There are 2 protein chains.
Amino acid sequence: MFTLPDLLKPNEHSTGILYLDLYEYIKSQIISHELTFNEKLPSKRNLAASLGVSIKTVENAYSQLLIEGYIHSVEKKGYFVSNLEHYPRQKENIKQEFKTRFQQTQYYVNLRSNRNAPEDFPASLWCRIMRETLSEHQEELFDTIPFNGLAELRVAIADHLRKFRGMEVSPDCIIIGSGTEYMYGRLKQVFPAESIAALPNPCSKRLRELFDNHRFMYETIDMNLDTSEPHLRIDQLEEKNCSILHISPAHQYPIGKVMTIQERLKLLEWLNNKENRYIIEDDYDSEYVLSGHPVPPLYSIDVNDRIIYMNTFSKSVTPSLRISYMILPELLMQKYMDTMSFYSCSVSSFEQYALAKYIQRGHLERFIHRVNRKNAIVRTKLLESLKSLENSGKLQIATQCVGSMLLLVLNTDMPDRKIKEILKEKSIITSMMSEYYADPSVLKEHIIVVNYSGMNEEQIKYLCSVLDSII
Amino acid sequence: MFTLPDLLKPNEHSTGILYLDLYEYIKSQIISHELTFNEKLPSKRNLAASLGVSIKTVENAYSQLLIEGYIHSVEKKGYFVSNLEHYPRQKENIKQEFKTRFQQTQYYVNLRSNRNAPEDFPASLWCRIMRETLSEHQEELFDTIPFNGLAELRVAIADHLRKFRGMEVSPDCIIIGSGTEYMYGRLKQVFPAESIAALPNPCSKRLRELFDNHRFMYETIDMNLDTSEPHLRIDQLEEKNCSILHISPAHQYPIGKVMTIQERLKLLEWLNNKENRYIIEDDYDSEYVLSGHPVPPLYSIDVNDRIIYMNTFSKSVTPSLRISYMILPELLMQKYMDTMSFYSCSVSSFEQYALAKYIQRGHLERFIHRVNRKNAIVRTKLLESLKSLENSGKLQIATQCVGSMLLLVLNTDMPDRKIKEILKEKSIITSMMSEYYADPSVLKEHIIVVNYSGMNEEQIKYLCSVLDSII
């Protein structure tokens, strides 16, 4: 039966808007079955008079109930309660203390990440460029972005690649996206569904997880490390029927090795031997070399347009900037346009404008050089400190690695799990070489992969003293 | 044979750095086979003397050639040219005029997009908030972001949903991502691989393309429009063995219909009838109502935690801002964490901070109200103008639609393809109802879907006069 609500008495549920309060009141009466199916509601005029509100208020409440189906109207007869069975019982108030359950543990020494130290990022410079972008591009910020990213940024990237990587790239073949991980999702879709990819073994665990998550079929291809010239077992590519190879010729992680020109030529031979073969060249980290010159990418010597080139800016501006890009061969770009140009670009225009300025003005290059100089100093100090451990026979240092990493072969029988555990207790987080293998075996144990980017002297001393004490 | 380079004479290929010029010179000699396999290079000292450069310069050039494998060293004998067969011929200079081949055609009247007019976006307000963010959060901008987004933004979203959508949500179950399209890619990965999704028929073509692209198996479920209560054929969900339903109960596009409480309860019944069933509730556009109050989401009456809620901010701040979010049921969130928390958050922290401020200060609500008021005026004017066409029997207006859209049923025999073509010639871009069907048939023809958000009076007049002239 309809009972008048106490509308004028504000209560904790009150919205402060009369018609909404009335709507909520009647709705709750229907849900709780105090108003039953086909029961007639008071006329708008009567209800308004009884409540001392305007007819408009009642009208608004009824019309909201009508839209949502709680009531229905019968011409010339008025409004009636609709049928409402099985309305679920109200959820308990699940409002809860905001847990920060996803917080990551912080370690004093992090040998896993080759991230630069926070203070190395050009914070105030980047903020200045963002401010400038706000003043200069205020209007454009509200325009729609082309699916493959702002022309300004793509041109800046093409120029950068021409000058510093020896690559001739049309800005039209560049696709901007929010992070490399995002790119793989797109990339999978331009390949035939049944394509089998090849990942080097060992390689980053994250890469395998990414391929797993995208349900990207893949095989692992062994790196032959026993010869004087460690190399990828290209023969396995044929054997395992792979048509796409994912590789970082400038720095195959975690081996830390540069692919020689001979091996590159063999890869190109495989690539051109059959239709529909592609190489995904992840050039991440390629500019971070401690001495000499970055090695030219495979992309620059491919003449058949079969290489997908990928890179990211997270390491070179700020880790919280999610901008990556990939360069597609003409054929794949065509397919991308046909099937995926309806996707919006996943990076906001503001940060694309800012990044374009950052690159054009040479800040990217200067940043890379600064970090490289700094890492060279860290490397020297680290090697000095490790030397005495090597001299006392506790470990061997493998320094063939390019980039800001090296490998430590520990002279111990402890299983890797145990080594990690002990180091973790001492607030040192690390990865062991064995973890990078798809098929971990004891034969690959006892090797720590040391990413030393951003380490300071204190941390180096601490690491060495801990290593000294546990071996 | 080794011939001395003209190092001191700068040429167009010169890098300006001596050792790099020397490295490039020797490399090109090896590639062109002027230096042949196993040929000995001059000693560093001799070459330095001949060229009048420091030994260090030669050393750097040789060491770069060594790393890349163009030369090798033999102890106590010196440096030798390595084997280099099949070096590909150099690519022609493909540097080309930057084509803008992906530019979209602009139309005078765009009835396809329900985007607000550019001038309606709060440009200067948004820029002010971005400036503030730069001053206040400069340091935090360089921190790593949790995989599911900044806590600040997730808390702001949870508060907004509590106040304005009647939803109780823990910020821990919210995942921030760069656009709704991105979200589907992730979402697919938390469901079992063999899950079959259900898409309403008709629905947005983009949605079907998105599911196709992600290789997300789906069936289409008919909307029954023939009864007085148009509804989704829930019986087909069982029949077609679907376990996931994608739906927008607040505004099923392009029908433009609000789902009644009766239909919602039936959906929940289906949902709870069997394990592992889920509903993806895309609540896009739900707050854009022309009169009355936004309809509460299905999420708010689900007690079994089986609904994935999705929404985006592109329409409410600027289209160039790529921030969406989804709310996962506890069970799926657990799976997401187990398998995908290694993914980085795909939105940069800067814009997350700015958006959190924008929401917290009530700008989002104010913007929505402003746009709704404006659209109500456009609707009135549009209906007025169309009235005379309806009176002369040229079309019927279907106004049951919520949101800023309506349907025009043209009194014509022209096929839809022809109608679109004629309108396009007159610079009016539109979609016909038939295009939204997975199985277009002539029975569904002659209905124009009019999205009028952002239209001005001139455009309304023009549209009506064109319609008048072609029917």
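The values are calculated or read from the model by the stated rules, or taken from the named source; none is laboratory data. Note that the coordinates shown come from a computational prediction; the quantities given were computed from them, not determined experimentally. Because the Cβ atoms are built from the backbone with ideal geometry, glycine has one as well, and the counts that use them run over all protein chains shown. Areas reflect the complete protein model, heavy atoms only, side chains present, ligands, DNA and RNA absent. Shrake-Rupley method; radii C 1.70, N 1.55, O 1.52, S 1.80 Å.
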Contact list, first residue from segment A:47-75 and of a type in the set (S, T, Y), second anywhere and part of a strand (DSSP E or B) and crowded, with 18+ Cβ neighbours inside 10 Å, beta-carbon distance below 7 Å, six or more apart or interchain, is A:Y62/A:I71; A:Y62/A:Y79; A:S73/A:Y79
Selection over segment B:231-262 where residues are within 21 Å of B:Y288 (Cβ to Cβ) and out of contact with any Gly (no Cβ under 6 Å at 6 or more places or on another chain) yields a count of 13
- Message: Among the residues that make up segment A:41-50, is at least one of them at pLDDT below 90 and not basic (K, R)?
- Response: yes
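Just the residues that are more than 14 Å from A:L207 (Cβ to Cβ) and either touching a residue at least 60 places away in the same chain (Cβ under 8 Å) or in contact with a Pro (Cβ under 7 Å, 6 or more places away or on another chain) (or both), please, taken from segment A:224-248. Write out each step before concluding.
Let us first name the residues in segment A:224-248 that are more than 14 Å from A:L207 (Cβ to Cβ), namely A:224-243.
Passing the criteria: A:N224, A:L232.
I'd like to know if segment B:401-411 contains one or more residues that are more than 30 Å from B:E287 (Cα to Cα), in contact (Cβ under 8 Å) with a residue 24 or more places away in the chain and part of a loop (DSSP other than H, G, I, E, B). Spell out the reasoning first.
Pass one, segment B:401-411, residues more than 30 Å from B:E287 (Cα to Cα): B:411.
Now narrow it down to the ones that are in contact (Cβ under 8 Å) with a residue 24 or more places away in the chain: B:411.
Of the ones still in play, those that are also part of a loop (DSSP other than H, G, I, E, B) are B:411.
The answer is yes; a qualifying residue exists.
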Counting only residues that are assigned to a helix (DSSP H, G or I) and open to solvent by less than 10 Å² (accessible area, probe 1.4 Å), segment B:448-465 contains a total of 2
Residue pairs qualifying under the 7 Å Cβ cut-off, at least six apart or on distinct chains, with the first in segment A:76-87 being under 15 Å from A:Q29 (Cα atoms) and the second being small (G, A, S) and assigned to a loop (DSSP other than H, G, I, E, B), are A:S82/A:G69
**Asked** Is one or more of the residues making up segment B:271-282 in contact (Cβ under 8 Å) with a residue 60 or more places away in the chain and within 14 Å of chain A (Cβ to nearest Cβ)?
**Response** no
Of the residues in segment B:104-127, those that are outside any helix (DSSP H, G or I), open to solvent by 70 Å² or more (accessible area, probe 1.4 Å) and within 10 Å of chain A (Cβ to nearest Cβ) come to B:Q104, B:R115
Of B:K240, B:K188, B:K205, the only residue that is within 19 Å of the chain's Cα centre (by Cα) and closer than 16 Å to B:I279 by Cβ is B:K188
Note on B:G177: of the conditions (1) open to solvent by less than 20 Å² (accessible area, probe 1.4 Å); (2) out of contact with any helix residue (DSSP H, G or I) (no Cβ under 9 Å at 6 or more places or on another chain), unmet is (2)
Over segment B:53-77, the set of residues assigned to a strand (DSSP E or B) and either of a type in the set (S, T, N, Q) or crowded, with 20+ Cβ neighbours inside 10 Å (or both) is B:I71, B:S73
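Here are A:L150, A:L161: which of them is more than 7 Å from every other protein chain (Cβ to nearest Cβ), modelled with pLDDT of 90 or more and in contact with a helix residue (DSSP H, G or I) (Cβ under 6 Å, 6 or more places away or on another chain)?
Numbers: A:L161 fails: in contact with a helix residue (DSSP H, G or I) (Cβ under 6 Å, 6 or more places away or on another chain).
None of the other options fit; the residue is A:L150.
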Selection from segment A:197-219 of residues in contact (Cβ under 8 Å) with a residue 12 or more places away in the chain and under 25 Å from A:V295 (Cα atoms) yields A:A197, A:A198, A:L199, A:P200, A:N201, A:P202, A:C203, A:S204, A:K205, A:L207
* Within segment B:265-283, identify whether any single residue is out of contact with any strand residue (DSSP E or B) (no Cβ under 9 Å at 6 or more places or on another chain) and open to solvent by less than 10 Å² (accessible area, probe 1.4 Å), and answer yes or no. => no
Scanning segment B:209-251 for residues that are away from every other protein chain (no Cβ under 11 Å) and part of a helix (DSSP H, G or I), the one surrounded by the most Cβ atoms within 10 Å (Cβ to Cβ) turns out to be B:L237
Within segment A:128-145, residues open to solvent by 30 Å² or more (accessible area, probe 1.4 Å), at pLDDT below 85 and under 11 Å from B:M130 (Cβ atoms) come out as A:Q138
Of the residues in segment A:166-183 that are in contact with a Leu (Cβ under 9 Å, 6 or more places away or on another chain) and in a loop (DSSP other than H, G, I, E, B), the one that is nearest to the other protein chains (Cβ to nearest Cβ) is A:E168
Taking segment A:137-167 and keeping only residues that are of a type in the set (D, E) and in contact (Cβ under 8 Å) with a residue 40 or more places away in the chain, one is left with A:E140, A:D143, A:E152, A:D159
So, A:L187, is that one within 11 Å of chain B (Cβ to nearest Cβ) and in contact (Cβ under 8 Å) with a residue 24 or more places away in the chain or not?
no
